[in-house]
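Everything below concerns the one structure shown next.
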Amino acid sequence: MRALSHPAAKPLAFGLCLLPAAWLFWAAATDQLGANPAEALIRSLGDWSLRALVLVLLITPLRVTAGWPQLARFRRMAGLFVFFYASLHWLSYAWFDMGFVWADIVADVPKRPFILVGTLAWLLLLALALTSFNRAIRTLGAARWQALHRAVYAVAVLAVLHFFWMRSGKQDFVDVAVYAVLLGSLLGWRARRRWMRHRAAALV
């Protein structure tokens, strides 16, 4: 798709990815997030973290099946937006729920399973964000870098588990099932593709 190679494509994609955060903070500032704005902000940022994760995992299947190699140039930016929204989500919890009292946060994280797995997912995303640049690839070497960045698959599993445990108190699993199916399908596509590669290599 020629439009994906246009110089304006990346700035436009960047602006579109930033819009949800801009709208949420504007809504919070103008008291448009309902009766419990803190909870609404935390949950909305969590939702956008999952949506961004689906988007970044969709890039490779779409690039391969649709024949759009230009999509590869958006993958790093999309991955960093996953980290951006997940960081805002975690910081909102630390601020609104815990008042940035770090001793309380450290004590709270291991006590609540959904906070624990969410924090583990964020720590993995932090490692991926810190090594997302060309210098990190050169320092680690391509093979090690690729192995490290496969941790995004663990992030997907932890994110769904985090969402499941968060919703378990209200017995509301519809959205959890949607994200589980989407992320499971995207991970399944990768597993099948890798298996087919190994099978083809074994037949040579």
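The values are calculated or read from the model by the stated rules, or taken from the named source; none is laboratory data. Just so you know, these numbers come straight off a predicted model, no measurement behind them. Using ideal geometry, Cβ is built from the backbone for each residue, glycine included, and neighbour counts are taken over all protein chains shown. Protein only, heavy atoms only, side chains kept; ligands, DNA and RNA dropped before computing areas. Shrake-Rupley method; radii C 1.70, N 1.55, O 1.52, S 1.80 Å.
Does the stretch 49-56 contain at least one residue that is open to solvent by 60 Å² or more (accessible area, probe 1.4 Å), at pLDDT 95 or above and of a type outside the set (Asp, Glu)?
For the stretch 49-56, residues open to solvent by 60 Å² or more (accessible area, probe 1.4 Å), at pLDDT 95 or above and of a type outside the set (Asp, Glu): present.
Residue 11: assigned to a helix (DSSP H, G or I), under 21 Å from the mean Cα position of the chain (by Cα), surrounded by fewer than 16 Cβ atoms within 10 Å (Cβ to Cβ) and touching a residue at least 24 places away in the same chain (Cβ under 8 Å), yes or no?
no
Taking residue 173 as the residue in question, decide whether it is over 16 Å from residue 75 (Cα atoms), open to solvent by 60 Å² or more (accessible area, probe 1.4 Å), over 12 Å from the mean Cα position of the chain (by Cα) and modelled with pLDDT under 95.
Against the criterion (over 16 Å from residue 75 (Cα atoms), open to solvent by 60 Å² or more (accessible area, probe 1.4 Å), over 12 Å from the mean Cα position of the chain (by Cα) and modelled with pLDDT under 95), residue 173 qualifies.
Between 38, 22, which is assigned to a helix (DSSP H, G or I), surrounded by 14 or more Cβ atoms within 10 Å (Cβ to Cβ) and of a type in the set (Gly, Ala, Ser)?
Testing whether each residue is assigned to a helix (DSSP H, G or I), surrounded by 14 or more Cβ atoms within 10 Å (Cβ to Cβ) and of a type in the set (Gly, Ala, Ser) leaves just 38.
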